[in-house]
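Chemist: Dumping the structure here so I can ask a few things about it.
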Amino acid sequence: MKEKIKKSDFISKGQVAFNRRARFDYEIEETFVAGLVLSGTEVKSMRLGHAQINEAYGIIKDDELYISQMFVAEYANKGYESHPEKRDRKLLLTKREIVKIINALNKKGSTLVAMKLFFDDHGRAKLEVGLGRGKKLYDKRETIKDRDWQRAKARLMQ
């Protein structure tokens, strides 16, 4: 028997999913906050926190931006209609931002990475995406070294 979903289980505003590896694997140059085109069951599933953006990245289709490989679990109380768990979802940005991102993505090595999925104060689903370049192994070692030094420094200050 299915568990009853209470209204208190829903996320009305705040963070749904966070990509912890985005800043570790990529050198983020600029971030953008984009709206998403979603179906009803996708929104309900996201409100329960059933979404992952760890593998999500941006692609260009017909001069529009889409987020690919974003996982949104199937909604349990879906009834007769459902959605595919991984599909390309359209990003809603201003024309100026779209042109800026497309020009940057056409350069070699640039990537559009999903960083944070959240609901804003009005209850709309938003995705923070970062425009960046992949880090090399030595850059990652440098990041680890800096992080460890910051921790050690904080311990000494206490």
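The values are calculated or read from the model by the stated rules, or taken from the named source; none is laboratory data. Note that the coordinates shown come from a computational prediction; the quantities given were computed from them, not determined experimentally. Neighbour counts run over all protein chains shown; Cβ positions are idealised from the backbone, glycine included.
Chemist: Could you please tell me which pairs satisfy a Cβ distance under 9 Å, a separation of 6+ or placement on different chains, a first residue in the range 139-158 that is in contact (Cβ under 8 Å) with a residue 40 or more places away in the chain, and a second residue that is acidic (D, E)?
Modeler: Hits for this filter: D139/E27; K140/D25.
Chemist: For the range 113-138, what are the residues that are aromatic (F, W, Y) and touching a residue at least 40 places away in the same chain (Cβ under 8 Å)?
Modeler: Result: F118, F119.
Quick grid of which residues meet (1) at pLDDT 90 or above; (2) crowded, with 18+ Cβ neighbours inside 10 Å:
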{"site": "I67", "(1), (2)": "yes, yes"}
{"site": "A73", "(1), (2)": "no, no"}
{"site": "K78", "(1), (2)": "no, no"}
{"site": "A104", "(1), (2)": "yes, no"}
{"site": "F118", "(1), (2)": "yes, yes"}
{"site": "L127", "(1), (2)": "yes, yes"}
{"site": "R155", "(1), (2)": "yes, no"}
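Chemist: What pairs come out if I take residues in the range 27-42 that are free of Cβ contacts under 8 Å to residues at least 60 places away in the same chain and farther than 19 Å from L112 by Cα and pair them with residues that are outside any strand (DSSP E or B) and polar (S, T, N, Q) whose C-beta lies under 8 Å away, six or more apart or interchain?
Modeler: T41/S82
Chemist: Filter the range 97-147 for residues that are of a type outside the set (D, E, K, R), touching a Lys or Arg at 6+ places or on another chain (Cβ under 7 Å) and either in a loop (DSSP other than H, G, I, E, B) or over 15 Å from E30 (Cβ atoms) (or both) and give the result.
Modeler: G109, F118, F119, G123, listed by residue number.
Chemist: Confirm whether G49 is surrounded by 15 or more Cβ atoms within 10 Å (Cβ to Cβ), in contact with a strand residue (DSSP E or B) (Cβ under 8 Å, 6 or more places away or on another chain) and assigned to a loop (DSSP other than H, G, I, E, B).
Modeler: It is true that G49 is surrounded by 15 or more Cβ atoms within 10 Å (Cβ to Cβ), in contact with a strand residue (DSSP E or B) (Cβ under 8 Å, 6 or more places away or on another chain) and assigned to a loop (DSSP other than H, G, I, E, B).
Chemist: Hey, another quick one. Just the residues that are part of a loop (DSSP other than H, G, I, E, B), among the charged types (D, E, K, R) and within 21 Å of E128 (Cβ to Cβ), please, taken from the range 57-96.
Modeler: If the condition is that a residue be part of a loop (DSSP other than H, G, I, E, B), among the charged types (D, E, K, R) and within 21 Å of E128 (Cβ to Cβ), then R87, D88 are the ones that fit.
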